[in-house]
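Right, one structure below, let's go through it.
The values are calculated or read from the model by the stated rules, or taken from the named source; none is laboratory data. As the structure is a computational prediction, the values presented were derived from the model and not from experiment. Reconstructed Cβ throughout: ideal geometry from the backbone, glycine too, with neighbour counts over all protein chains shown.
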Amino acid sequence: MRAIKNIFVGFLVSFIGSIPLGYLNVIGYEIFSKLGIYNLFQFLSGVICIEMFVIYFTLVFATPLVNNKKLMKTIDVFAVFFLLILSYSFYASANNSVGNQSVLKKYMSYSPFLIGVLLNCINFLQLPFWTGWNLYLLNGKFISLGRKYKFFYVGGTIIGTFIGMLSLILLLDSVSSQSFRFSQYIIPVCIPLFFVIMSVVQMVKVYRKYYKKRSL
């Protein structure tokens, strides 16, 4: 029963958490639209390989990570600049002088699996996300870590991440294919704007978490 509960909770949290994964979903959409479903599965497999280690690491060391305020602050602040850099990279790629080039053009010679591994390695936003969630689930006793139960939880999160990202990517592709006019603005406008909004949200979170108390 505990194993099933761990799988369900892990699946639910990761499925919801896969929605705001940001640029990984965007890159996945690009891979699917340019290279097809098989290469998308390879990309997602690369993503969840890194995700598995991140979730396990933050699960075991959730409390020490949260208590390391300097590390968490550095990650949170760097995430703001990371999102702005992503926003500019998509905007510049779509509006360069050569024409509307795919963001993936320079990666096309590499394996989609390797792309997923490398891009998720620099996904710094997942560290505070999973640290916070794992600590909350442990404190609330929603999951069990005894024996091998933590592996059932990690397995549930991997399944949830894979299905969540796949669902969002297919939904995004469906919307863009039904509206050609909308699809023209996805890369040059919508995606950069999305990352700018995310960076603003991250700025607000950093201010409230680290600076608001000082100003009072």
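Can you list the helices (runs of 4 or more DSSP H) lying wholly within region 92-210 that have 1 or more residues being surrounded by 13 or more Cβ atoms within 10 Å (Cβ to Cβ) and modelled with pLDDT under 75?
Where helices (runs of 4 or more DSSP H) fall fully within region 92-210 and carry at least 1 residues being surrounded by 13 or more Cβ atoms within 10 Å (Cβ to Cβ) and modelled with pLDDT under 75, they are 126-139, 149-178, 180-183, 191-206.
Conditions (1) farther than 18 Å from residue 123 by Cβ; (2) modelled with pLDDT of 80 or more, marked per residue:
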position: 2; (1), (2): yes, no
position: 37; (1), (2): yes, yes
position: 40; (1), (2): no, yes
position: 45; (1), (2): no, yes
position: 49; (1), (2): no, yes
position: 64; (1), (2): yes, no
position: 76; (1), (2): no, no
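Conditions: (1) buried (at least 22 other Cβ atoms within 10 Å of the Cβ); (2) modelled with pLDDT of 75 or more. Residue 83 meets all but one. Number of the miss?
(2)
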